[in-house]
1. Each residue of the range 128-140 in order: what ³J(HN,Hα) in whole Hz does its phi give by Karplus 6.51 cos²θ - 1.76 cosθ + 1.60, θ = phi - 60°, with x for Gly and Pro?
2. Pulled fully out, how much extra length does the chain show between residue 77 and residue 89, if you take 0.36 nm times their separation in residues and subtract their Cα-Cα distance?
3. How big is the gap, in Å, between the Cα center of the range 48-73 and the Cα center of the range 90-131?
4. Just the Cα atoms of the range 47-100: what Rg and Dmax do they give in Å?
5. Can you tell me the Rg and the Dmax, both Å, for the Cα atoms in the range 93-145?
Amino acid sequence: MMPIVLRQTSSRAKTAIFRRMYTTRQDVSFQELRQLIHGVGKSPYTLIDVREPDEVAQGKVPTATNIPLGEVAKAFSLSNEQFKSKYGIDKPSPSTETIFYCRSGKRSQSAIDQVEKISPDLVIRNYRGSWLNYSENALNGQSLV
């Protein structure tokens, strides 16, 4: 019988695990996102599109900033000033919700996993339906309420 080896977990990893278990908020729905975009909800938010620039050229969710998945870890490691200079928006802070999306929801979850390791204090959510869901619902004229 092989002995079980338990590894020491760093405090940063423990924080990320605790946060994911207890404070990660549910996914963002199309309806909730539309309300945020149109100011129906007064919650401050930052919307990050992690698709590649050629995908974004085909369309994007209003108010989104493009940070391709391959740049996410580096972007969230930048200082506030460097982030604003490169992406044109304030670097997300714990006082705002940071919402990630991609084409279908898989890359946005990967981005969340990366950012939680770098900035475990951020309030991070996933628009899991992502661009496919948004474009389908927006074209079908879904109402805001």
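1. Computed from phi, the couplings for the range 128-140 are 5, x, 6, 4, 4, 5, 5, 5, 5, 6, 5, 6, 8 Hz.
2. On the way: separation 12, 0.36 × 12 = 4.32 nm, distance 1.49 nm.
2.8 nm is the gain from fully extending residue 77 to residue 89.
3. Centre-to-centre (Cα) distance: 12 Å.
4. Radius of gyration, then largest Cα-Cα span, for the range 47-100: 11.0, 31 Å.
5. Cα-based Rg and Dmax for the range 93-145 come out at 13.0, 38 Å.
Coordinate-derived values only; no laboratory data. Remember, predicted model here, so these are calculated numbers, not experimental data.
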